[in-house]
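Structure, as structure tokens:
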Amino acid sequence: MKSKVSIHALIPAAGLSERFGAELPKQYSSLLGQSVLAHSIEALSHHPSIRNVTVILAEDDARFDSLVRPLFPDVSTVTGGASRAHSVLNGLRHIQAQDNSADYALVHDAARPCIGQSQLDDLIIAGLACDDGAILAIPVSDTIKKADQDNLIEQTVDRNHLWQAQTPQMFPVQRLLDALEASLDGLEPPTDESSAMEMQGARPQLVMGSSSNIKITTAQDLIIAEGIISRGTGTANQS
């Protein structure tokens, strides 16, 4: 798949992974001989429609140059901010400084190493077709319960039309930058890039993702990701 527009990938990797419970942040945990982050970069770098990849790092990151840079010498890096929204905003400004013709930003979690090429294809096609951009997501399949402050069930939520957001999420660079700036001036910070766009009235397209596009949250998830990648059902091995 080829695109005539300029699509740049952003990977926020500035988090400390406090919930992961390991010495290394999860993006630097080992997965089949490489870091989780390296797998995520590899998947995006292999897609023919993505011009380049920029990784957003913590200010005091001391691992990227030794664990990742030797594998991807051409990947750009930029320092993140106080939150994901601030970090992505820094990344967008970096993209514009490097390429003033940049049309779209495709933002992907560092801890989603199993993204497949066919999922990227679907997202990019939808993102180019919808003025408000697009995100990967999967329909909610479990019964959803709403709890009160004491964790007593308040109600069962109708799961029809409910989707669980994934990444990548793809938006026009300038519109996402403007949306993040506006949302950071508000009282409620955005939880992802799509929510920042939605706060400005956008209605991004939902694109069917995959259950294999897991986010590494616990050490057990690394084992699951190993199986997905080894079977070739995710990452750059997927056609």
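Pairwise Cα distances in the chain exceed 26 Å in 37 percent of cases. Considering only beta bridges that DSSP places wholly inside the stretch 7-237, some 45 percent are antiparallel.
Taking other C-beta atoms within 10 angstrom as a stand-in for reagent exposure, D178, D185 fall in the order D185, D178, fewest first. Mean residue ellipticity, 222 nm, helices only, the chain: the sum of -39500 (n - 2.57) across DSSP H runs of n ≥ 4, divided by residue count and rounded to 500, is -9000 deg cm²/dmol.
Legend: ranking of residues K4, K145, K26, K215 from fewest to most surrounding C-beta atoms inside 10 Å; resulting order K4, K145, K215, K26.
Basic side chains Lys and Arg get +1 at the Cβ, acidic Asp and Glu get -1 at the Cβ, and with that the dipole of the chain about its Cα centre reaches some 640 debye.
Values in this text are rule-based calculations from the coordinates and carry no lab data. Every value quoted in this text rests on a predicted model; they were computed, and no experiment measured them. Note that we place each Cβ from the backbone using ideal geometry, even for glycine, and neighbour counts take in every protein chain shown.
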